[in-house]
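Q: Take this structure, written in structure tokens, and hold onto it; I'll ask about it next.
The values are calculated or read from the model by the stated rules, or taken from the named source; none is laboratory data. All figures in this text were calculated on a predicted structure; none of them were measured in a lab. No Cβ is skipped: glycine too gets one built from the backbone with ideal geometry, and neighbour counts run over all protein chains shown. With ligands, DNA and RNA removed, areas are computed over all heavy atoms of the protein, side chains included. Shrake-Rupley method; radii C 1.70, N 1.55, O 1.52, S 1.80 Å.
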Amino acid sequence: MRKALFILIISYLGILKSYAQVSQFDIDSTKFRKDIALQLDSVFFKDQESRKQYIQLAQNGADEKQLSVTRSNMRKVDSLNLIIVTTLLDNEGWLGPQDVGMFASQGLFLVIQHANLATQEKYFPMIEKAEKDGKTLSSNLAILKDRIAVRKGEDQLYGSQGFTDKTTKKKFLYPIVDVDNLESRRVSMGLPPMDKYLPGWDLEKYKMDLPEIKEAVKRLK
């Protein structure tokens, strides 16, 4: 029997490139549920590929027609992935890295993260339990909690969600609960310091900009 201790480094920037957040999972690949693992590996890579295509087009200055077609394709991928993932979750429960491998388990999370609010809220308790059981990254739970909060018009806890003001084109973070204690909350969930997550982060400037941010959020609605 082969055993390996994997240290996962997941990136998250913008839609899918994130920050390096390290967690440890004791993984024995001989115990994987191979058929499900292969299916979810495909889900993971399709989810990432559709978003990488969109990001590349946007960065290369593609016109709105090209971006619209790519967004439509991304939504189709998300819809098909969601059918696969929700069927598995309803029948099997949460499948951690120990069950299906890193990419496959992360595929489950990403599909729920990219789903609508009702779906996110439905599966949030399952993901919360998975985090407590050591079967998903703590940072996953934090990111999903923030995403649900901003969709409901509430302040976020971990500073993971940003937006672009449609009027001024400025980039902002959504309002944050008790921002003075943000760093300690991020540490508790395995998230990197804000100045690593967002180069140029300035706490005092954020607090000065907060009235402008709140007005920009109103315009989004």
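Q: Suppose we keep only residues that are open to solvent by less than 30 Å² (accessible area, probe 1.4 Å) and touching a Ser or Thr at 6+ places or on another chain (Cβ under 9 Å) within region 117-137. Which one would you say is farthest from residue 105 (Cα to Cα)?
A: 119
Q: Scanning for something of a type outside the set (Gly, Ala, Ser), over 18 Å from residue 24 (Cα atoms), part of a helix (DSSP H, G or I) and touching a residue at least 40 places away in the same chain (Cβ under 8 Å), does region 110-121 turn up at least one residue?
A: yes
Q: Somewhere in region 128-142, is a residue within 17 Å of the chain's Cα centre (by Cα) and without any contact (Cβ under 8 Å) to a residue 24 or more places away in the chain?
A: yes
Q: Further question on the same structure: Please specify each residue of region 89-109 satisfying the condition of being open to solvent by 10 Å² or more (accessible area, probe 1.4 Å) and part of a helix (DSSP H, G or I).
A: 90, 91, 92, 98, 99, 102, 103, 106
Q: Sticking with this one: Does residue 27 satisfy being aliphatic (A, V, I, L, M), more than 18 Å from the chain's Cα centre (by Cα) and at pLDDT 95 or above?
A: No.
Q: Name the residues in region 177-213 that are within 18 Å of residue 150 (Cα to Cα), within 23 Å of the chain's Cα centre (by Cα) and in contact (Cβ under 8 Å) with a residue 24 or more places away in the chain, would you?
A: 179, 182, 185, 186, 206, 213
Q: Among what's in region 167-201 and is among the charged types (D, E, K, R) and more than 30 Å from residue 131 (Cα to Cα), pick the residue that is surrounded by the most Cβ atoms within 10 Å (Cβ to Cβ).
A: Residue satisfying both the conditions and the ranking: 170.
Q: Here's something else I'd like to know. Taking region 45-57 as the search range and keeping residues that are open to solvent by less than 50 Å² (accessible area, probe 1.4 Å) and out of contact with any Ser or Thr (no Cβ under 9 Å at 6 or more places or on another chain), which one is farthest from residue 98 (Cα to Cα)?
A: Selected residue: 55.
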